[in-house]
Amino acid sequence: MKKEIHLNYKKSSNLAFISAGLGILNLGLTPNIFSSGLTIFTAIFTLAFVFGLAFLIRLGLPWVKYLLLVLFLIGLIGISFMIKNFEKNPIVGLINIAQTILQICSIILLFKIPKTDSADINGK
């Protein structure tokens, strides 16, 4: 019997996939990312990692919320970088802000899932 996955896992993974998609858009808007092999590798690795997290969320793995929260908190160190991005290229800055909001919403949805979601499969 296939285990039903709580609706919030699906919503959260959708937000994570959208955030990753915005990351692809940012690559096109930031041509200096393609200036060296290391930055290209870092960009591709980061995107693959975010898509991988979104996939793990979609599978309904309960531990992913803790990983996502820790990574988000570590990522808050980069707020100054986001502000500099906003000053240099407002469109990229707005996309970064949108990604941050999407990630916050994704984390909130994951933590709203009850410990035992068998009685609350569809998020009702």
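The values are calculated or read from the model by the stated rules, or taken from the named source; none is laboratory data. All values derive from a computational prediction rather than experimental measurement. Here Cβ is always computed from backbone atoms with ideal geometry, including for glycine, and neighbour counts include all displayed protein chains. Note: areas computed on protein heavy atoms with side chains; ligands, DNA, RNA excluded. Shrake-Rupley method; radii C 1.70, N 1.55, O 1.52, S 1.80 Å.
Checked against (1) closer than 21 Å to Lys10 by Cβ; (2) modelled with pLDDT of 90 or more; (3) assigned to a helix (DSSP H, G or I), Ile95 meets all criteria but (1).
Screening Asn8, Asn89, Asn14, Asn26 for residues that are open to solvent by less than 70 Å² (accessible area, probe 1.4 Å), polar (S, T, N, Q) and closer than 17 Å to Lys112 by Cβ leaves exactly one candidate, Asn8. Residues of segment 35-62 that are small (Gly, Ala, Ser), open to solvent by less than 80 Å² (accessible area, probe 1.4 Å), part of a helix (DSSP H, G or I) and free of Cβ contacts under 8 Å to residues at least 24 places away in the same chain: Gly37, Ala43, Ala48, Gly52.
Tell me yes or no: at least one residue of segment 70-78 is at pLDDT 90 or above, open to solvent by less than 30 Å² (accessible area, probe 1.4 Å) and either under 12 Å from Ala16 (Cβ atoms) or touching a strand residue (DSSP E or B) at 6+ places or on another chain (Cβ under 7 Å) (or both). Checked against the condition, which is being at pLDDT 90 or above, open to solvent by less than 30 Å² (accessible area, probe 1.4 Å) and either under 12 Å from Ala16 (Cβ atoms) or touching a strand residue (DSSP E or B) at 6+ places or on another chain (Cβ under 7 Å) (or both), segment 70-78 yields no hits at all.
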